[in-house]
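Notes to accompany the following structure.
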């Protein structure tokens, strides 16, 4: 059975749940440290996903600008 890749939204929901659990103060020390570690890994993964998405959007925007300029040049 292969693990399903977590979406950004699922990762954020998990991170928010971890933060709430840590802030509640109901977990023991080991559980808190494990939750913190998991949260740090999630945050790093989510930051990477955001960076990838930003890069894709920048490429699309640049491509759109180029197309618009080419169309404008063709009109002259």
### Query
Which value in Å is the Kirkwood Rh of the chain over different Cα pairs?
15.6 Å
### Query
What is the calculated FRET efficiency for residue 58 to residue 16, with r their C-beta to C-beta distance and R₀ = 35 Å, to the nearest 0.05?
0.80
#### Entry: Crossing angle, helix 8-24 versus the chain [Cα axis fit, 0-90 degrees, rounded to tens]
30 degrees
### Message
7 Å from Cα along Cα→Cβ at both residue 43 and residue 6: what's the point-to-point distance in nm?
### Response
1.4 nm
### Task
Pop a pseudo-label 7 angstrom from the Cα along the beta-carbon direction at both residue 67 and residue 24 and give the gap in nm to one decimal.
4.8 nm
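Every number here is computed from the coordinates shown, using simple stated rules; none is lab data. Everything numeric in this text was worked out from a predicted model, so none of it was measured. Ideal geometry is used to build each Cβ from the backbone, glycine not excepted, and the neighbour counts take in all protein chains shown.
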